[in-house]
Amino acid sequence: MVILIGAALLLVLALLGLAHWYLWRRLVRDTTRGPGPARTLGTAFFVAAPVLMLAAFAGSRAFPFGVLRVVAWPGYLWAALALYLLLAVALGELLRPLLFRVMRGRYGREGEETVPVAAAVGAPEEAERAAPGPVPAPGPVPAAPGPVRAPDPVPVPGATPAPEPVRDQAPRPAPAPSRRLFVSRIVGGAAGAAALGTVGRGAYGVLRGPRLKHVTIPLAKLPRSAHGFRIAVVSDIHLGPILGHAHTRRIVDTINGAQPDAVAVVGDLVDGSVAELGHAAQPLSDLRARHGAYFVTGNHEYYSGADEWIDEVRELGLRPLENARVELPGFDLAGVNDISGEDHHAAPDYDKALGDRDPARASVLMAHQPVMIHEAVEHHVDLQLSGHTHGGQLFPGNLLARAANPTVAGLDHYGDTTLYVTRGAGAWGPPVRVGAPSDITVVTLAAGRA
């Protein structure tokens with residue numbers, strides 16, 4: 001097993017190295033004339049950036065939290081930027097042949113440097129001298145008429161020699177770039193601008209905070225008295241070295257502004273210990289809902305000390321549902337531990353959470369991962385609330401998320417059970433979302449079927 005993990009790690013490192021070599025080749029080597037300051041700086045960047053990226057991802061176990069906060073920003077952002085640079089540069093390979101055709105006739109053959117226009121305009125003598133002319137026939141060259149050259153002066157001992165006459169010489173203009181260099185600079189510049197724009201917009205979306213979504217879900221067993229009950233569903237806040245106290249405050253203010261009847265925090269609250277992130281989670285104590293706020297664990301809680309965090313959220317006023325259930329007006333709200341708890345003696349227990357309930361009452365289950373829907377169907381749950389997927393977070397990550405989860409985001413139906421998956425309110429790793437904006441969803445329960 002250890003050998004397989006080591007081999008997989010080496011394969012990942014090799015692929016990362018190959019991807020960065022390709023980016024260096026296209027964005028540094030191919031866009032510079034040769035060895036010089038620009039190529040040296042570019043090479044140094046493409047060595048340092050992946051090192052920072054690896055340090056950021058491995059830093060939770062390798063560095064103190066204060067050091068990780070310094071490394072995380074450049075390392076995580078480079079991970080996102082490298083992904084979109086790679087996609088943009090690869091797309092640019094399709095444009096290169098077209099650009100070569102467009103530039104044909106305006107530039108010389110591959111590798112040639114064209115004669116600057118300035119050599120012909122304003123300097124006819126130079127242009128005439130540079131222009132090709134007829135080759136004279138072989139034969140004796142006639143002496144050119146002109147004044148007879150005076151003999152060189154005889155040097156006098158001890159005398160200061162006369163200075164050489166200064167000849168006016170125009171500076172030689174820099175050679176124009178070759179067609180290949182010109183095309184490489186166009187493609188590289190366009191790829192860089194596209195990647196920077198994509199990552200910048202995606203980072204802004206995360207840092208400004210999630211937006212509210214509203215979804216109405218009918219439940220056949222819900223009585224009319226509970227019609228319109230509103231649950232604010234938030235997941236994947238991911239407090240850590242980048243997202244901290246201010247991020248939590250934005251989330252709490254957004255939820256309180258919606259005035260929900262209950263709040264469901266569906267796991268992956270943190271990426272770090274209570275000692276490191278207790279202050280960042282403090283604004284959760286200000287959550288306001290008539291029927292309380294509830295919490296279930298996600299997989300990242302088990303990487304961060306789940307027992308300590310369960311105690312911490314309880315101190316902050318949230319009620320942890322550890323394979324437990326609470327009766328709310330018109331329905332049961334249950335919660336199960338995340339499946340990652342199986343390795344920490346805290347596996348999800350559906351029988352404990354749902355086994356002795358009144359089957360005539362509607363049931364809503366908080367379960368972090370969408371894949372837990374199959375157990376929910378077996379226990380006749382009416383609605384499961386989940387997160388975990390981030391909606392893919394970074395395109396094309398949504399394609400991988402679809403392969404690993406039955407539903408990536410939004411509403412879906414499995415038999416008589418409805419599944420709703422929120423895209424989450426934060427981000428893991430790069431604080432960037434592309435094609436999967438963060439959200440907090442207000443789920444309004446409706447009596448009867450749609």
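A short reminder: the numbers here are calculations on the coordinates, not readings from a lab. Source: prediction; values computed, not measured. A quick note on method: Cβ atoms are made from the backbone with ideal geometry, for glycine too, and the neighbour counts reach across all protein chains shown.
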Report summary line: Computed from the beta carbon distance with a Förster radius of 45 Å, FRET efficiency for Val377 and Val70 to the nearest 0.05 stands at 0.45
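So how much slack lies between Asp356 and Arg249, counting 0.36 nm per residue of separation and subtracting their Cα-Cα distance, in nm?
On the way: separation 107, 0.36 × 107 = 38.52 nm, distance 3.79 nm.
Taking 0.36 nm per residue and subtracting the Cα distance, the gain is 34.7 nm.
Does region 316-355 classify as rounded, prolate or oblate by the C-alpha gyration tensor (a ≥ b ≥ c root eigenvalues; a/c under 1.5 gives rounded; else a/b over b/c gives prolate, otherwise oblate)? Working shown, then result.
Details: a/c = 3.58, a/b = 1.54, b/c = 2.32.
Judged from the Cα gyration tensor, region 316-355 comes out oblate (a/c at least 1.5, b/c at or above a/b).
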Report task. Rounded, prolate or oblate: pick one for region 210-447, where a ≥ b ≥ c are the square roots of the eigenvalues of its C-alpha gyration tensor, a/c under 1.5 means rounded, and failing that, prolate if a/b is larger than b/c, else oblate. Result -> rounded
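Quick one: if the Förster radius is 51 Å, what FRET efficiency do Asp349 and Arg29 give, using the C-beta to C-beta distance and rounding to 0.05?
Using R0 = 51 Å, I get an efficiency of 0.30.
On full extension of the chain, what length is gained from Ala90 through Leu13, given 0.36 nm per residue of separation minus the C-alpha to C-alpha distance? If you can, show how the numbers build up before the last one.
Working: separation 77, 0.36 × 77 = 27.72 nm, distance 2.00 nm.
Extra length available between Ala90 and Leu13 comes to 25.7 nm.
What ranking, highest mean first, results for peptides 282-294, 388-400, 57-69 when packing means the other Cβ atoms within 10 Å averaged over each residue? Numbers along the way, then the final one.
On the way: 282-294: 17.6, 388-400: 20.4, 57-69: 14.5.
Result, highest mean Cβ count within 10 Å first: 388-400, 282-294, 57-69.
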Report summary line: A student applying the Cα gyration tensor rule (rounded when a/c is under 1.5; otherwise prolate if a/b is larger than b/c, oblate if not) would label region 253-332 oblate
Query raised in the report: Just how large is the dipole of region 210-447 about the Cα centre, in debye to the nearest 20, putting +1 at every Lys and Arg Cβ and -1 at every Asp and Glu Cβ?
Result: 1140
